[in-house]
Amino acid sequence: MRTIYLRKDYDTHVRKILIDMAYLVSHNKIRLPKYYFEEGLYLPHASKNGNEVEKYFLTKDKILTETNDHYFFDFPFKAEEVENSAY
């Protein structure tokens, strides 16, 4: 599996945050350190027809659980849907 990045668009640049791939593969969940979280973070993925790239935004209402240091989000895609569009 290739590395997958979350993204945050700004006016002048795009911030990329590497997802903890070991945790993702073993639990099928995104583990994000709390200090990385901000509004507007998204995961680019292929649309249902596969022709476009859509954005899956990580918002507070999508947090499954949290610890003192991490937020945990569901990963509702197959790896192939994200890998091809996460460049």
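The values are calculated or read from the model by the stated rules, or taken from the named source; none is laboratory data. Source: prediction; values computed, not measured. Neighbour counts are summed over all protein chains in view; Cβ atoms, including those assigned to glycine, are modelled from backbone coordinates with ideal geometry.
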Next item on the list: Starting from the range 12-23, take each residue that is closer than 12 Å to residue 42 by Cβ and list its partners that are modelled with pLDDT of 90 or more and not in a strand (DSSP E or B), counting only C-beta distances under 6 angstrom and pairs at least six apart or across chains.
Entry: 17/36
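Where in the range 1-58 are the strands (runs of 3 or more DSSP E), entirely inside, with at least 2 residues that are over 15 Å from residue 78 (Cβ atoms)? Working first, answer last.
Values: elements: 5-9, 14-18, 29-33, 42-46, 53-57.
In the range 1-58, 5-9, 14-18, 29-33, 53-57 are the strands (runs of 3 or more DSSP E) which contain 2 or more residues that are over 15 Å from residue 78 (Cβ atoms).
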Item checked: Matching entry among 60, 48 (being farther than 15 Å from residue 4 by Cα and within 15 Å of the chain's Cα centre (by Cα)) -> 60
Notebook entry, point to check: Restricting attention to the range 70-80, does a residue exist that is assigned to a helix (DSSP H, G or I) and either at pLDDT 95 or above or of a type in the set (Phe, Trp, Tyr) (or both)?
Noted result: no
Note to self: Quick check on my filter: what residues within the range 34-50 are farther than 19 Å from residue 10 by Cα and either surrounded by fewer than 18 Cβ atoms within 10 Å (Cβ to Cβ) or β-branched (Val, Ile, Thr) (or both)?
What the structure shows: 34, 47, 48, 49, 50
